[in-house]
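Please treat every number below as a calculation from the coordinates, not as lab data. Source: prediction; values computed, not measured. No Cβ is skipped: glycine too gets one built from the backbone with ideal geometry, and neighbour counts run over all protein chains shown.
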Amino acid sequence: MSEQQEIKTSATSSASEGGKRIAIFGSTGSIGTQALEVIASNPGSFSIEVLTAHSNDELLIAQALKFNPNIVVIVDEKKYQKVKEALTSTSIKVFAGEKALEEVAEMDCYDLMLAAIVGYAGLKPTLKAIQNGKAIALANKETLVIAGDIVMRKAVENRVPVIPVDSEHSAIFQCLVGETRNKIEKVILTASGGPFLGRKPNYLVNVKREHALQHPNWNMGAKITIDSATLMNKGLEMIEAKWLFNLKPQQIRVIIHPQSIIHSMVQFEDGSLKAQMGLPDMKLPIQYALSFPKRIANDFPRYDFKKVNTLTFEEPDVKTFRNLPLAMEALDKGGNLPCVMNAANEIAVFAFLRNRINFLDMTDLIEKTMAHISFIEKPTLEEYFESDAEARNFAADTINL
Ligand code: NAD
Ligand code: MG
């Protein structure tokens, strides 16, 4: 286990009396709402201090009335008045705007941030929470893809645990408990393969957003669902694994496992493989990240060996799903390339979801953007921000967005 992981035990077990005080950044999303279900089932273990949403004012208001946080943030300033009025009879403080996310992350009213905003927007508040010494339960993988070196360095400097929520990384994290002194030979990330497993380019060229949004095993936000269909999600996860577990690119492998029962594996130097298994349900890794190092009893459905009695594995089709090799290139070269790739991907997914480009165009756009933006080997945080903006502008201009 790395230095990072050793810090974790002490930092997250120090909950205050009313339970661990949680700030959910992105509370109206798929991860955010499932986290609130977990917290509602364990009222003595957690209290909700902060809830944030981009624009879903109605859900944010309902969540605030139910969980009575200290603070809510609505990013869309047009919605401020409505949220404020709906909560006037409470003592909940209401803030609005993008900057408010960072300001609230810097406050002292919480113990752990669940980073569940999607995309680049999650990076800055998460960095502020780390600088503020707050434990992070990390769902927002883009944060590590964009600036993993800086994020993890700051986490170590501030003695802040970064506990993965992503199911694959939670699986690896769980496999590493008790293995502090043992070297990892490799980690094997499992991938469901998404809705288009086995399909070829002549089919993919015609798929539409509605089709791509149907994931066989997981019910997730729109962006990650498209990323799963293109296999970019697995590419982002390879980069996420590098930073979380301090691995070399060649130690990170991907295998398609359509049943999504094995959530990922670690192979040690003696060849022994440890896997973490269960039904595909994000509530389990969310709960583990919130309660770590403890496990909490729950009544989630259990895996039944009689129902899913065949687990299969196959190599990813990297000729068809070219986002995965593009991400592997970014993983290998490092520098600002993963940041550039991520920015281009966010634009590509945005455009695909609005029927502006087709499924395969997404890969072409990412490839072009990666080739166009100047490579920086060791970027500063400012240079990551600039690379992100340059890549976004180039990608948007390329498709006349
Ligand atoms: P989602 O789209 O369902 O929710 C996103 C949340 O972020 C919402 O609360 C939204 O209001 C907020 N948000 C969106 N844009 C914002 C912006 N510009 N500024 C501030 N807030 C903004 O997404 P999700 O599926 O819950 O995913 C969240 C993160 O977790 C992503 O990074 C995703 O990759 C990761 N993740 C999700 C799952 C899953 O099962 N959904 C699994 C693993 C990892
Ligand atoms: Mg995942």
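Counting other Cβ atoms within 10 Å, which chymotrypsin sites (Phe, Trp or Tyr not before Pro) in region 331-365 have at most 10 and lie in a DSSP loop?
Numbers: sites: 350, 352, 359; in loops: none.
When the chymotrypsin sites (Phe, Trp or Tyr not before Pro) of region 331-365 are filtered for loop state and at most 10 Cβ neighbours within 10 Å, nothing remains.
Counting C-alpha atoms alone, how compact is region 227-373: give Rg to one decimal and Dmax as a whole number, in angstrom.
17.6, 52
Using modelled amide H (1.01 Å from N, peptide plane; none on Pro or chain starts), what sits under 5 Å from the amide H of residue 48, excluding residues fewer than 5 places away?
When sequence neighbours closer than 5 places are left aside, the close amide H contacts are 22.
For the chain, state the average projected area of the convex hull of the C-alpha atoms over all orientations, rounded to one decimal in nm².
19.1 nm²
Below 8 Å between Cα atoms, with a sequence gap of 6+, how large is the relative contact order for region 89-239 in percent?
Details: 150 pairs, mean separation 25.2, N = 151.
Rounded, it is 17 percent for region 89-239.
For region 144-300, count all C-alpha to C-alpha pairs, find those more than 28 Å apart, and express that count as a whole percent of the total.
Value for region 144-300: 24 percent of Cα pairs lie more than 28 Å apart.
What ranking do 295-301, 373-379 get when scored by the average of other Cβ atoms within 10 Å per residue, highest first? Please list the in-between numbers first.
On the way: 295-301: 9.4, 373-379: 14.1.
The peptides rank, most packed first, as 373-379, 295-301.
Applying the Karplus parametrisation 6.51 cos²θ - 1.76 cosθ + 1.60 with θ = phi - 60° to the phi angles of region 146-153, what ³J(HN,Hα) value in whole Hz is obtained for each residue in order, glycine and proline being reported as x?
6, 9, x, 4, 5, 4, 6, 5
State the dimensionless ratio Rg/Rh of region 164-212 (Rg: radius of gyration of Cα atoms; Rh: Kirkwood radius). Don't skip to the answer; put the middle values down first.
Working: Rg = 17.2 Å, Rh = 14.0 Å.
Ratio of gyration radius to Kirkwood radius for region 164-212: 1.23.
With unit charges on the beta carbons (Lys and Arg positive, Asp and Glu negative) and the dipole taken about the Cα centre of the chain, which residue among 341, 53, 100 sits farthest to the positive side?
53
Karplus couplings for region 324-331 from phi (6.51 cos²θ - 1.76 cosθ + 1.60, θ = phi - 60°), rounded to Hz, Gly and Pro as x?
For region 324-331, the Karplus curve yields 5, x, 5, 5, 5, 5, 5, 4 Hz.
Among 180, 232, 191, whose Cα projects farthest towards the positive end of the dipole of region 134-269, with charges put on the beta-carbon of Lys, Arg (+1) and Asp, Glu (-1)?
Towards the positive end, the residue furthest out is 232.
Using a Cα-Cα cut-off of under 26 Å, which lysines could be cross-linked to residue 93, ignoring same-chain neighbours fewer than 8 residues away?
Filter leaves 20, 66, 78, 79, 82, 84, 124, 128, 134.
If amide hydrogens are placed 1.01 Å from N in the peptide plane, which non-local residues have theirs closer than 5 Å to the one on residue 163?
It is 136, 137, 138, by chain and number.
Counting pairs of alpha carbon atoms under 8 Å apart in space and at least six apart in sequence, what relative contact order in percent does the chain give? Walk me through the numbers on the way to the answer.
Details: 730 pairs, mean separation 62.6, N = 401.
Relative CO of the chain lands at 16 percent.
Quick query: amide H of residue 336 versus all other amide H atoms, modeled in the peptide plane; which residues come in under 5 Å with a sequence gap of 5 or more or a different chain?
The list, which skips near neighbours in sequence, is 376.
Which ordering of 243, 218 is given by a fewest-first count of other beta-carbon atoms within 10 Å?
Placing the least packed residue first, the sequence is 218, 243.
Given contacts defined as C-alpha pairs under 8 Å and at least six residues apart, what's the relative contact order of region 259-356, whole-number percent?
Details: 47 pairs, mean separation 16.1, N = 98.
So the answer I get is 16 percent.
Test of understanding: ordering 192, 170 by Cβ neighbours within 10 Å, fewest first, what list do you get?
Result, fewest neighbours first: 192, 170.
Order of 319-330, 120-131 by packing, highest average Cβ count within 10 Å first?
Taking the mean over residues of other Cβ atoms within 10 Å, the ranking is 120-131, 319-330.
Apply the Kirkwood formula to region 323-401: the hydrodynamic radius equals the inverse of the mean of 1/r over all pairs of different alpha-carbon atoms; give it in Å with one decimal.
About 12.3 Å for region 323-401.
When the convex hull of the Cα atoms of region 194-279 is projected onto a plane and the area is averaged over all directions, what value comes out in nm²?
Directional mean of the projected Cα hull area for region 194-279 stands at 6.8 nm².
Given only helices, namely DSSP H runs of n ≥ 4 each adding -39500 (n - 2.57), what is the per-residue ellipticity at 222 nm of the chain, to the nearest 500 deg cm²/dmol?
Here the helix-only value at 222 nm equals -13500 deg cm²/dmol.
Would you kindly derive the ³J(HN,Hα) couplings of region 40-55 from the backbone phi angles with the Karplus curve 6.51 cos²θ - 1.76 cosθ + 1.60 (θ = phi - 60°), listing them in order in whole Hz, with x for Gly and Pro?
Result, rounded to whole Hz: 4, 7, 10, x, x, 8, 9, 10, 9, 9, 9, 10, 9, 9, 6, 9.
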